[in-house]
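In what follows, a structure is listed as C-alpha cells, so that the remarks can point back to it.
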Amino acid sequence: MRILVVEDDLEAATYLQKGLKEKNHLVDHAPDGELGLQYALSSLYDVMIVDRRLPKLEGLELIQALREHENQTPVLILSALGEVDDRVAGLEAGGDDYLVKPYVFSELLARVDALVRRHQPGAVRTRLKVGDLELDLLSRKVVRGGSPIDLQPREFRLLEYLMKHEGQVVTRTMLLENVWEYHFDPQTNVIDVHISRLRAKIDKNFGTPLLHTVRGAGYSLRAAD
Amino acid sequence: MQQINLFRSQTFRFIAFILVGFGVFAIGALSTVIKVNNDFITEQSEQNVQTELDGLLAFFEETDYPGLVELITDRSRELTDRVYLLTAPNGDLIAGNLTLWPRQAAPGAPYFSFFYETLTADGFLREEAIGTQTELPGGYRLLVAHNIMDQRRLERHFQGVIGAVTGLYVGLGILLTLMLTTRLLGRINEINRVCLEIMQGGMGERVPAVPDNHELNELSGTINRMLDRIQRLMEAQRRTNDNIAHELRTPLNRLRQGIDVTLQSDRDAPGYRAQLETTLTGIDDLSATFNAIFQISQAQSGLGRENMMPLDLASVVAGIGDLYEPLAEERGLTFRVSIDRPAMVEGKREMLAQAVANLIDNALKYTPAGGSVEVVVQAPPRLAQGSEEAAVGASLIVRDTGPGIPSAERDRALERFVRLENSAHAPGAGLGLSLVEAIAQVHQARLALSESHPGARPPGLRVALYFPPIKSF
C-alpha cells in the first residue's frame with residue numbers, strides 16, 4: 001500500500017516509516033501540514049496517517065482542506081488528545097479513524113488495514129464466508145461444515161465483525177469500539193473471554209481453527225494459517 | 001488596579017444624566033407655564049387698554065374734543081395707574097399726564113410698553129406701562145396706557161421662584177449625585193480590593209456581603225462561588241501533581257533499574273528480548289496509570305461538563321453488563337442486571353460507560369467464586385400530570401457478596417491509588433473507584449458506599465450512584 005505519514009516529530013516518523021516498510025508498504029513522509037497537503041493532493045495514496053499537531057497547517061485543517069478538494073483518501077488521525085470530544089472533532093473534520101498516543105504499533109497497523117479495506121467499495125454482502133464457516137446476515141443463521149451453530153446476539157455481532165475483517169488483525173480496542181460501541185479502557189480484558197466463548201462455539205469441534213490469536217495485537221479470523 | 005475615579009465612573013454619569021435630564025424637563029416645564037401665564041396677563045392688559053381706548057373714542061364721537069379733553073383731564077387726575085396723552089398735530093401737549101411721547105410708540109406698533117417716572121412723596125419712581133395709540137381727525141394723536149408694575153412684580157416673583165428652585169435642584173442634585181456615587185463606588189472599590197488581596201495571597205478569603213445592597217450582594221456571591229471553584233481547581237491540581245510525582249516515579253524507577261541491570265552484563269538474544277518485553281509491559285502500565293490520572297483530573301476540574309446530553313442510563317448499563325457477563329460466568333459468579341424501564345440522566349455516555357464498567361469490574365474482581373453481583377438501574381419515579389419537577393433522578397446500584405469496605409475506610413477508598421488492606425493481591429491499579437467518584441462529580445451525582453448484606457458474613461459492598469433529576473426541556 002502507498003501510505004503518507006504527516007508527522008513533525010522526526011523520531012516518531014522514522015519509527016513509523018520503519019515499521020510500515022517492514023510490512024512491505026511504500027511510505028512517504030511530510031514533516032509539516034502544508035507539505036502534507038501538497039503531497040496528498042498531487043499523488044495517490046491508499047491511506048494517510050496524520051498527526052493532529054503540525055507546524056504550518058494543523059492536522060484537522062489539512063483534512064478539511066483535503067475533503068474540500070474532493071479527496072476521499074482515508075485518514076487515520078494520531079493525537080495525544082484522547083477525550084471523546086476530541087475524537088468527535090477529528091471525525092467531523094473528515095478523518096476516518098482516531099488513535100490516541102502512545103499507541104501500540106500493531107494497533108495502528110490493524111486500523112490502517114481496516115481503513116483501506118473499508119474504503120474499497122464492494123457489493124453489499126448478506127452472506128459472509130470464511131473457510132467452511134458461513135454467516136447469513138438476513139436470517140441471522142451461522143453454519144459451519146453444514147452444522148448449524150447457535151449464537152447469542154452479541155456473539156453473532158462479534159463473529160460478523162471478525163468475518164467482515166477476514167484476514168486482518170483486529171485489536172481488542174477495535175472490537176470494543178465496533179461491536180459494543182464504547183471507547184473506554186476496560187481494566188480487565190473482558191474481550192478475551194468473549195473471544196474464547198466464540199472460539200468454543202465455532203472452532204472447538206471442527207477441523208481447522210479459524211479464529212487466531214495474534215500475539216501482542218489482537219485476533220484474526222482466517223481460513224489458512 | 002486603581003481606585004475608580006469618581007467623575008469618570010459610570011454611576012456618576014448615569015445619575016448626573018438622569019438628574020440633568022429631569023431637571024431640564026421640570027424647569028423647562030415650569031418656565032413654560034410661567035411664560036404662558038405672563039403672556040396671558042400681558043394680553044389681558046393689552047385688551048384692557050384697547051377697551052379703554054375704544055371707550056374714549058366712543059365718547060369722542062359724541063362730545064368731540066372739548067368732551068374728550070375734559071374726560072382725559074379728569075381721569076388723569078383720579079386714576080393714578082393710568083397714563084394719557086393727547087397731542088396736537090404740531091406736537092403740543094393738549095391733555096393727559098405724560099410729558100413726552102414715548103419712542104416705543106412708533107406708528108406701526110399696535111401695543112407697546114415704555115417706562116415713565118412719577119413724582120411721589122418719596123421722590124421720583126420709575127414705572128412701566130402698556131399702551132396703545134390712535135390718530136384722531138385733524139392730526140391729533142391719543143395715547144392710553146395702563147401701569148403694569150404689579151404684573152412686572154409678579155413676573156419677577158415667578159422668576160425668583162424658578163431661580164430658587166433651579167438653584168436648590170442643582171445644589172441638591174450635585175450633593176445627591178456625589179453621595180450616591182461615592183457610596184456605590186466605595187462598595188465596588190471594596191470588592192476590588194478584597195479580590196486583589198485574594199489573588200495575591202490568601203485564597204481562603206471571600207468578599208463580604210453588604211447589608212442592604214441586593215445587586216452587589218448577588219455579584220459578591222457569584223464572585224465568592226467562583227473563588228470556591230478556583231480553590232477547588234487549585235486543590236485538585238495540587239493533588240494531581242502529588243499523585244503524578246508519587247505514582248509515576250516508582251514504576252519509572254523500576255523500569256530503569258530493570259534495563260540498567262540487564263545492561264551490566266552480556267546476555268543472549270532471548271535474555272535481551274525478555275527484558276525488552278518486560279519493559280514494554282511496564283511502559284504500557286505506566287501509560288494506563290497516566291491516562292487514569294488524567295481522566296480523574298479532567299473530571300475533578302469540571303472541564304468535562306460541556307456537551308452533556310440527556311441519555312438513557314439503562315441502555316449504557318445493559319451494554320456494559322453484556323460486555324462483562326461472560327467474565328462473571330468464567331469466575332463462577334452469578335451476575336444479574338435489573339432494568340425495568342429507561343432511566344434518563346444528563347451526562348456523557350463514554351464517561352458513564354467507564355464508571356459502570358469500573359464498578360462492575362471491581363465487584364467481579366473482589367467477589368470470591370460462588371458469590372453474586374447484582375446491578376440495578378432505578379428510573380426516576382413517574383410524575384402525575386401537572387405536578388412539579390421531580391426531586392429525585394435515576395440511580396444505579398451495584399451489589400456484591402465480597403468482603404466489602406469497612407465504614408472507617410470508605411473515604412480513603414475513594415482517594416486515588418488506594419488499595420485496601422485485604423485486596424493487596426488483586427490485580428489492577430487502585431484507580432477504579434476514584435475515577436467513578438470523579439465521574440460522579442462531573443454528573444453532579446452522589447456516590448454512596450455501604451454494606452449490601454448488613455449482618456451477613458461477608459457483608460458485601462453496595463455502591464450507589466444517585467443522579468440529579470434531568471431538567472425538563
How far is helix B:313-330 tilted, in degrees, relative to the longest principal axis of the Cα atoms in chain B, given as a value from 0 to 90 rounded to the nearest 10? 10 degrees
Going highest first, how would you order B:137-148, B:251-262, B:87-98 by mean Cβ packing within 10 Å? B:137-148, B:87-98, B:251-262
What residues qualify as long-range amide H neighbours of A:Lys141, i.e. H under 5 Å apart, gap of 5 or more or another chain, H built at 1.01 Å from N? A:Asp136
If you average the C-alpha positions of the range A:76-152 and of the range B:79-105 separately, how far apart do those two centres end up, in angstrom? 121 Å
One would report the Cα pair-distance distribution of the protein assembly as shown, bin width 10 Å, in %, as 2, 10, 14, 15, 13, 8, 5, 4, 4, 5, 5, 6, 5, 3, 1, 0
Distance between Cα centroids, the range B:199-271 to the range B:174-198: provide it in whole Å. 36 Å
As I understand it, the value is the acute angle between the Cα axis of helix B:10-78 and the longest principal axis of the Cα atoms of chain B; what does it come to in degrees, rounded to 10? 10 degrees
Expressed as a whole number, the average count of other chain Cβ atoms within 10 Å around the Cβ atoms of A:176-184 is 4
Taking every pair of Cα atoms in the range B:1-115, average 1/r, invert it to obtain the Kirkwood radius, and report Rg/Rh to two decimals. 1.41
B:Glu346 and B:Ala245 label points (each 7 Å along its Cα→Cβ direction) are spaced in nm at 3.8 nm
Quick calc: nm separation of the 7 Å Cα→Cβ label points for B:Ser31 and A:Thr208 -> 10.9 nm
Return the lysines within reach of B:Lys348: Cα separation strictly under 20 angstrom, same-chain partners fewer than 8 residues apart disregarded; answer none if there are no such residues. B:Lys471
Please work out the Kirkwood hydrodynamic radius for the range A:1-105, using every pair of different C-alpha atoms, and report it in angstroms with one decimal place. 13.5 Å
Ranked from highest to lowest mean number of other Cβ atoms within 10 Å per residue, what is the order of the peptides B:36-46, A:73-83? A:73-83, B:36-46
Peptide B:287-298: average number of partner chain Cβ atoms within 10 Å per residue? 2
Quick one: compute the contact order of the range B:24-124, relative version, from alpha carbon pairs under 8 angstrom and 6+ residues apart, as a percent. 13 percent
Using the 10 angstrom Cβ neighbour count as an exposure proxy, how do B:His453, A:His165, B:His157 rank, fewest first? B:His157, B:His453, A:His165
Give me D for chain A in µm² s⁻¹, whole number, from Stokes-Einstein with Rh from the Kirkwood sum over alpha-carbon pairs, 4 °C and 1.567 mPa s. 69 µm²/s
Using Cα centres only, tell me the gap between the range B:298-350 and the range A:182-225 in whole Å. 25 Å
Count the lysine pairs in chain A whose Cα atoms sit under 23 Å apart, keeping only pairs 8 or more residues apart in sequence or on different chains. 14
Determine the shielding of peptide A:97-104 by partner chains: average, over its residues, the number of Cβ atoms on other chains within 10 angstrom of each Cβ. 2
With label points set 7 Å from each Cα along the Cα-to-Cβ direction at A:Arg125 and B:Met203, the distance between them in nm comes to 5.9 nm
Just to confirm the number: angle between the C-alpha axis of helix B:269-301 and the first principal axis of chain B, 0 to 90 degrees, nearest 10? 30 degrees
Computed FRET value (nearest 0.05) for B:Arg152 with B:Leu180, which takes r as the C-beta separation and R₀ as 51 Å: 0.80
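Values quoted throughout were computed directly from the atomic coordinates according to the rules given, and no laboratory measurement underlies them. What you are looking at is a predicted structure, and each value in this text was computed from that prediction instead of being measured. Cβ sites come from the backbone with ideal geometry, for glycine too, and all protein chains shown count toward neighbours.
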